[in-house]
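Have a look at the structure below, then the notes.
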Amino acid sequence: MKRKAPGSFLFLMPSVTLLLVFFIVPIVLTICFAFTNMALTGAAAKSLEFVGFQNFINMFQDPDFRISVWRTLVFLIFSAVIGQVVLGFILALLMKEKNVTFRRIIGIIVIAGWVTPEIVVAFCMVAFFSDNGSLNQILGWFGVSPISWLFSFPMVSVIIANIWHGTAFSMMVYQSALDDIPKEVEEAAIIDGSTGFQIIRHITIPMVKGSIVTNMMLVTLQTLGVFTLIYTMTGGGPGTSTQTLPIFMYNQAFVNYQFGYGTAISLVLLLIGIIASLFYIRSMKVKV
């Protein structure tokens, strides 16, 4: 067995240093600050003190926190699990075995939303859902009176915006998985008299289950961290109607200047992501 040169590890030092400075150290500091009264205003701004689990106790007693958790789950389920995952799978199925030109045209249209920066998507959606926006203009052709979407249906608006922005990723993941399914398997099922729905349920889904679970995990983690889209479109309002955990965390840390409380909220958000990931990983071991 060939031994490595004694100084070979030096080539890894730049990467290790960057990882420590920009990843490991911030995580450690975040965990430490979550158990302190760190703030920029009030008496806490003069002295940093260890407060134990007081931030977490205050958090779970705060009705705004509980509402934010509920809003986050609603946003996650409808915009990620039901929206991006399901719609992406349907689009991939519809594009399967279509001619190359058709797939390229549809792919470009769908992927355009995904490659667009989130802040640009937010402004586009504000223009689309505003009182004089494109949606009300279209509805006006059918005699429907203008609707204040961002005020009357704010959660629906941000959910649709996130679906439009992220569906392309799911579609591409499923396209790659569906293309790997042997045609002979589906042809044999057709010869045996299986319907299209039966083929999808008993052949297609089980064979791409790994891709489905992986995609759901990635989409879930991405959606839990959505901030710019919601904050630009609604600012978390009206009231707290679209205040998800990232918005609530931002308001506590950078509006109320309660950094200790804000970092404690970030740990809860991280815990939700870990629990969701473990659930998805465990589901991969369950037969469809």
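Can you work out which of the residues in the range 49-73 that are aliphatic (A, V, I, L, M) and touching a residue at least 40 places away in the same chain (Cβ under 8 Å) is surrounded by the fewest Cβ atoms within 10 Å (Cβ to Cβ)? Residue satisfying both the conditions and the ranking: 67.
Considering the conditions (1) open to solvent by 70 Å² or more (accessible area, probe 1.4 Å); (2) farther than 17 Å from residue 257 by Cβ; (3) at pLDDT below 85, residue 46 is excluded by exactly one of them, (2).
Scanning the range 53-79 for residues that are closer than 20 Å to residue 227 by Cβ and not acidic (Asp, Glu) yields a total of 16. All of (1) over 21 Å from residue 71 (Cα atoms); (2) at pLDDT 90 or above hold for residue 261 with one exception: (1). Taken over the range 130-162, the criterion of being closer than 26 Å to residue 217 by Cα and either hydroxyl-bearing (Ser, Thr, Tyr) or crowded, with 20+ Cβ neighbours inside 10 Å (or both) is satisfied by 154, 157, 158, 159, 161, 162. Consider residue 121 against the criteria (1) open to solvent by 80 Å² or more (accessible area, probe 1.4 Å); (2) touching a His at 6+ places or on another chain (Cβ under 8 Å); (3) at pLDDT 90 or above: it satisfies all of them except one. Which criterion is unmet? The failed condition is (1).
The residue of the range 239-258 that is most open to solvent (accessible area, probe 1.4 Å), among those that are under 23 Å from residue 77 (Cβ atoms) and modelled with pLDDT under 90, is 239. You will find that of 127, 112, the residue that is surrounded by fewer than 20 Cβ atoms within 10 Å (Cβ to Cβ), closer than 29 Å to residue 71 by Cβ, modelled with pLDDT under 90 and not acidic (Asp, Glu) is 112 and no other.
When the range 270-288 is examined, which residues are found to be touching a Leu at 6+ places or on another chain (Cβ under 9 Å) and under 17 Å from residue 66 (Cβ atoms)? Scanning the range 270-288 gives a single hit, 272. Of the residues making up the range 219-233, one or more are in contact (Cβ under 8 Å) with a residue 12 or more places away in the chain, among the aliphatic types (A, V, I, L, M), open to solvent by 20 Å² or more (accessible area, probe 1.4 Å) and farther than 28 Å from residue 131 by Cα.
Regarding residue 76, is this residue touching a residue at least 12 places away in the same chain (Cβ under 8 Å), assigned to a helix (DSSP H, G or I), closer than 20 Å to residue 178 by Cβ and open to solvent by less than 70 Å² (accessible area, probe 1.4 Å)? No.
The set of residues in the range 247-269 being touching a Leu at 6+ places or on another chain (Cβ under 9 Å) and in a helix (DSSP H, G or I) consists of 249, 259, 260, 263, 265, 266, 268, 269.
Scan the range 174-212 for residues that are among the hydrophobic types (A, V, I, L, M, F, W, C), within 30 Å of residue 282 (Cβ to Cβ) and surrounded by 12 or more Cβ atoms within 10 Å (Cβ to Cβ) and jot them down. Scanning the range 174-212 gives 177, 178, 181, 185, 189, 199, 200, 203, 205, 207, 208, 212.
The values are calculated or read from the model by the stated rules, or taken from the named source; none is laboratory data. The model shown is predicted, which means the values in this text are computed figures rather than measured ones. Cβ: placed from backbone, ideal geometry, glycine included. Neighbour counts: every protein chain shown. Remember, those area values only see protein heavy atoms, side chains included, never the ligands or the DNA or RNA. Shrake-Rupley method; radii C 1.70, N 1.55, O 1.52, S 1.80 Å.
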